[in-house]
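Input: a single structure, listed below in structure tokens.
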Amino acid sequence: MEKLLVINPGSTSTKIAVFEDENKVLSTTLVHEDEVLAQFSHVTEQVGYRKDLIAHTLKEKGVDINSLTCIMARGGQLPPVPFGGYRVDQAMVDYFNSLGAGTHVSCIGSIIAYGFANELNVPAYIYDPVSCDNLQPIARITGMPEIPKKSRGHALNSHAMANHCAKNVMKRPLDECTFIVMHLGGGVSTWLFDKGRAIDMYSDDDAGFCPERCGRIQALELIPLCFSGRFTFEEMMKKVRGNSGIRALLGTSDMRVVEERIANGDEYAALVYDAFLYSSAKAVGDLAVAVKGKVDRIILTGGIAHSKMVQEKIRDYVEWIAPLECLPGEFEMEALAQGGLRLLSGEEQPNEIKYA
């Protein structure tokens, strides 16, 4: 029997789960208070704090850490890589540590996993990291050759939901289907899976804005703001990813709070809410063009997709393209565990990464 620890860090929490083969025997979310995280200047400094908290929680829950046979983590900002699994090694840890202040929180999962793996002498892997990139060549071209389009977003959950829809809804292999997958959470990404490959996508900085991200904004206004002297480089990076979107507009990134304000008659909150879904839905229309409208299903997933209001408004915007399949929530923990089991059994082989 394989016993896997799965680690999935978020901006204000760390999700962990323990699987015995495919059976989830523990699942919990460790919440990190703002005043605690404020002690760290950037996310890589949080590794020791989060690792110790995970170890303490496992002991508290009666999990013998020495019984673990594999550590799985959500993958971070690697160079562009194909979908699949990657072994965590010192080179990967060094790469993530080198990213500095711009490091995405997903990166520290790998660093934490490597620490546990070394202590226990077991393998550590990531699967479908945020930098998964199967874009077709035409999708990479932009009008500025210094900035080609990059693929980054919720690859893990979006790929898992595409597989789920193919198997359980279409009753066909994924490589016989064409899906557009919208992941709506603290960040947003929208993926076009055509015949099993994610040939195009939008992240939360080139399509709709979202709870904590700015979305697509006009460059002619952005550039003067960057050079205005009002903000440092680090502040602008945080302004684009973390302190923008609905949080900047309404003072909260919790969509449940926004819906409550709408129910109490807040007209501006209603306008911002509609603008968020309007801007997100436009990415679906863009991606449908890439396959000339031949889409089998549009899949709505992520934490915000639990909202019936969100489901209704997105359906109204996009169902003229294809039927909407609502698969709310995030299934990243299960997807990581299943990927780990395939790697451990030899069904899949880990991919290689070129860092330069």
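Looking at the chain, the accessible area is 48 square angstrom per residue; that uses a 1.4 Å probe and ignores ligands, DNA and RNA.
Taking the 1.4 Å solvent-accessible surface of the chain as the whole, the part contributed by carbon and sulfur is 52%. Ranking of L30, L53 by solvent-accessible surface, largest first: L53, L30 (1.4 Å probe, protein heavy atoms only, all chains present).
Note on S67 and I223: the model spin-label points, each 7 Å out from Cα along the C-beta direction, lie 6.0 nm apart. For the options S131, S280, S27, a Gaussian network treatment of the chain with springs between C-alpha atoms closer than 10 Å singles out S27 as fluctuating the most. Ignoring aspartates and glutamates fewer than eight residues from K3 along the same chain, the ones with Cα atoms less than 15 angstrom from its Cα are E20, D21, E22, D64, E334. Counting only aspartates and glutamates at least 8 places from K354 when in the same chain, those with an alpha carbon closer than 17 Å to its own are D89, D94, D128, D133. With 0.36 nm allotted per residue and the present C-alpha distance subtracted, the L99-K24 stretch has 23.7 nm of extension available.
With only the Cα atoms considered, the range 286-344 has a convex hull volume of 102 Å³ per residue.
Helix-only estimate, please: 222 nm mean residue ellipticity of the chain, summing -39500 (n - 2.57) across DSSP H runs of length 4 or more and dividing by its residues, to the nearest 500.
Calculated mean residue ellipticity at 222 nm is -11000 deg cm²/dmol.
Computed from the C-beta positions of N121 and Q39, the FRET efficiency with R₀ = 25 Å rounds to 0.20. Within the full protein context, the accessible area of D254 is estimated at about 50 Å² for a probe radius of 1.4 Å.
Compute the convex hull volume of the Cα atoms of the chain, divide it by the residue count, and report the result per residue in Å³ as a whole number.
Working: hull volume 54.2 nm³, N = 356.
With only Cα atoms used, the chain gives 152 Å³ per residue.
The order of W320, W191 by accessible area, most exposed first and with a 1.4 Å probe, is W320, W191. Sorted largest first by accessible area at a 1.4 angstrom probe radius, with every protein chain in place, the residues I138, I353 fall in the order I138, I353.
Going from the alpha-carbon gyration tensor of the range 108-251, what semi-axes, largest first and in whole Å, does one get by taking the root of 5 times each eigenvalue? Walk me through the intermediate numbers first.
Working: eigenvalues 180, 104, 48 Å².
Gyration-tensor ellipsoid for the range 108-251: 30, 23, 15 Å.
To the nearest 10, the accessible area of V291 is 20 Å² with a 1.4 Å probe. Other residues whose C-beta falls under 12 angstrom from the C-beta of K238 contribute a net charge of +1, scoring Lys and Arg +1 and Asp and Glu -1.
Pick from G48, G62, G245: which is most flexible by mean-square fluctuation in a GNM of the chain where alpha carbon atoms under 10 Å apart are linked? The residue that fluctuates most here is G62.
3J(HN,Hα) along the range 10-16: x, 5, 10, 7, 10, 8, 10 Hz, from the Karplus curve 6.51 cos²θ - 1.76 cosθ + 1.60 with θ = phi - 60°, whole Hz, x for Gly and Pro.
The values are calculated or read from the model by the stated rules, or taken from the named source; none is laboratory data. On a predicted model such as this, the values are computed, not experimentally measured, just so you know. Using ideal geometry, Cβ is built from the backbone for each residue, glycine included, and neighbour counts are taken over all protein chains shown. These area figures cover heavy atoms from the full protein model, side chains too; ligands, DNA and RNA do not enter into them. Shrake-Rupley method; radii C 1.70, N 1.55, O 1.52, S 1.80 Å.
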